[in-house]
Amino acid sequence: MKELEELRRQIDSIDEKIVELLAQRMRIVSQVGNVKRRLNQPLTDEKREEQVRLRWMSLAQKNGLPETMVDSLLNLIFLYSKIFEINPSFLKKVVVVGYGGMAKSLVSLFKLSSHEVIVTGRDPYKAEKLAKEFGYAYMDPAQASRWGEFVILALPPSGVLSDFVKGVFPHFSGKVVMDISSSKQAVYGYLEKASSEHGFSYVSVHPLFGPYLYPVGEKIAVIPSKTTKDVDEVIEFWRNCGLVPVKTTLEAHEKAMALVQVLPHFYMLGLSRSLEKLRKEFDVDFTQFETTNFREIYKVVKRVNELKSVILEIQEMNPFSREVRKAGMGELENLFHELDGEKK
């Protein structure tokens with residue numbers, strides 16, 4: 001027992017040093033964040049992260065540690081380093097309209113960056129529940145809109161186009177209003193017209209990430225409209241929140257989303273259906289034979305199925321959907337014939 005206790009004391013001593021060193025690392029990281037902000041640099045530096053990762057892998061091999069263990073630890077350190085780098089140069093009164101997954105993701109981000117936040121929506125109970133989860137408050141939509149400076153419509157297109165939001169338009173006067181829709185075809189022109197009629201500044205944004213907490217270091221597309229008064233202020237706001245703003249146009253955004261959302265989702269939905277159909281025909285449980293690569297692919301397939309309603313909405317609303325699906329089918333058919341020819 002004495003030997004075991006002594007070994008545990010050694011572990012406790014090492015653990016204490018690890019925590020102290022992590023705290024020291026994060027204090028330096030905070031200073032790095034200040035320098036990056038002064039130099040107008042994004043939080044995420046992929047080249048630097050790759051350099052650090054390679055160095056850690058080398059140290060892991062040298063010290064006989066599994067690379068997977070070190071890689072997992074490093075991912076956590078990268079995540080929390082970005083959180084510690086956040087040090088906003090200004091704070092805003094932010095109104096989040098909505099209480100779904102993306103609303104929660106954005107509220108978690110605003111919490112990190114110390115903005116004042118009110119959560120509101122059609123259902124007061126759900127809005128107040130989300131607000132309390134992060135120590136914020138609920139107000140009714142009209143009151144919240146009058147209070148805030150930035151209004152984030154964290155709603156699907158159908159929600160943005162609803163009579164509920166239309167009824168709040170008069171209270172948006174003088175505010176900066178943003179939607180977060182993936183596909184802008186239905187909402188962009190509608191909100192641009194409404195902003196002109198009701199005197200608010202409209203900027204369309206698209207968080208280029210899914211509904212998870214504290215998405216520090218991710219990208220967000222920023223699309224100015226004819227009524228946008230100060231797009232640089234909006235860009236700086238999102239940068240202060242720990243995101244990487246990408247300023248673009250409506251057409252460029254829709255074309256890009258056709259390539260990075262519509263086409264991959266189309267393939268993933270087709271793969272999901274094919275796997276299920278062939279599983280039954282072959283009478284085999286393929287999940288027992290997963291390779292490493294297939295396991296990662298299948299995670300994406302399952303994620304796509306979990307978000308199927310949103311994904312089908314994107315397929316329907318993106319103006320370039322049919323064009324990219326047709327091109328994708330054409331290339332699959334070409335590949336089929338190439339492979340079939342090789343067999344012959």
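The values are calculated or read from the model by the stated rules, or taken from the named source; none is laboratory data. Because the structure is a prediction, the values reported are computed rather than measured. For neighbour counting, all protein chains shown are included, and Cβ atoms are generated from backbone atoms with ideal geometry for every residue, glycine included.
Working carefully through the options GLU116, GLU128, GLU149, find the one that is more than 30 Å from ASN318 (Cβ to Cβ), free of Cβ contacts under 8 Å to residues at least 12 places away in the same chain and acidic (Asp, Glu).
Working: GLU116 fails: free of Cβ contacts under 8 Å to residues at least 12 places away in the same chain; GLU149 fails: free of Cβ contacts under 8 Å to residues at least 12 places away in the same chain.
GLU128 is the lone residue from the list that is more than 30 Å from ASN318 (Cβ to Cβ), free of Cβ contacts under 8 Å to residues at least 12 places away in the same chain and acidic (Asp, Glu).
Which of the residues spanning region 287-320 are outside any helix (DSSP H, G or I) and under 27 Å from GLY189 (Cβ atoms)? Break it down stepwise before answering.
Initially, region 287-320 is screened for residues outside any helix (DSSP H, G or I), giving 290-291, 307, 318-320.
LEU307, ASN318, PRO319, PHE320, listed by residue number.
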*Checklist (1) farther than 20 Å from PRO157 by Cα; (2) assigned to a helix (DSSP H, G or I); (3) in contact with a helix residue (DSSP H, G or I) (Cβ under 9 Å, 6 or more places away or on another chain) applied to VAL284, failing item*: (2)
*Looking at (1) farther than 26 Å from LEU130 by Cβ; (2) in contact (Cβ under 8 Å) with a residue 12 or more places away in the chain; (3) surrounded by fewer than 16 Cβ atoms within 10 Å (Cβ to Cβ), find the lone condition where PRO66 falls short.*
(2)
*With respect to LEU339, determine if the residue is at pLDDT below 95, over 14 Å from SER183 (Cβ atoms) and touching an Asp or Glu at 6+ places or on another chain (Cβ under 9 Å).*
no
_Of everything in region 209-251, what is of a type in the set (D, E, K, R) and either assigned to a loop (DSSP other than H, G, I, E, B) or under 18 Å from LEU91 (Cα atoms) (or both)? Give them in sequence order._
GLU218, LYS226, LYS229, ASP230, ASP232, GLU233, GLU236, ARG239
*Identify the residue in region 181-211 that is aliphatic (A, V, I, L, M) and in contact with a strand residue (DSSP E or B) (Cβ under 8 Å, 6 or more places away or on another chain) and, among all such residues, is surrounded by the most Cβ atoms within 10 Å (Cβ to Cβ).*
LEU191
_Name the single residue that is farthest from ALA258 (Cα to Cα) among those in region 306-344 being among the β-branched types (Val, Ile, Thr) and within 23 Å of the chain's Cα centre (by Cα)._
VAL310
*asked:* For the condition surrounded by 15 or more Cβ atoms within 10 Å (Cβ to Cβ) and either over 28 Å from VAL32 (Cβ atoms) or of a type in the set (Gly, Ala, Ser) (or both), what is the one hit in SER105, SER114?
replied: SER105
*Within region 202-212, is even one residue among the polar types (S, T, N, Q), modelled with pLDDT under 95 and under 27 Å from SER321 (Cβ atoms)?*
no
*Count of residues meeting criterion [within 16 Å of GLY121 (Cβ to Cβ) and either surrounded by 23 or more Cβ atoms within 10 Å (Cβ to Cβ) or in contact with a strand residue (DSSP E or B) (Cβ under 7 Å, 6 or more places away or on another chain) (or both)] in region 157-180*: 7
*State which residue pairs qualify: first residue outside the structural domain of LEU312 (by TED's automatic domain parsing) and inside region 158-172, second residue of a type in the set (Asp, Glu) and assigned to a helix (DSSP H, G or I) in any location, beta carbons under 8 Å apart, and separation of 6 or more residues or different chains.*
PHE169/GLU197
*Does GLY148 satisfy the condition of being crowded, with 23+ Cβ neighbours inside 10 Å and closer than 30 Å to ILE83 by Cα?*
yes
*Any residue in region 302-331 that's more than 16 Å from PRO157 (Cβ to Cβ): show its pairings with residues that are of a type in the set (Ser, Thr, Tyr) at Cβ separation under 9 Å, as long as the two are six or more apart or on different chains.*
LYS302/SER272; VAL304/SER272; ASN305/SER272; GLY328/TYR267
*In region 39-47, is there at least one residue being in contact (Cβ under 8 Å) with a residue 40 or more places away in the chain, crowded, with 16+ Cβ neighbours inside 10 Å and in a helix (DSSP H, G or I)?*
no
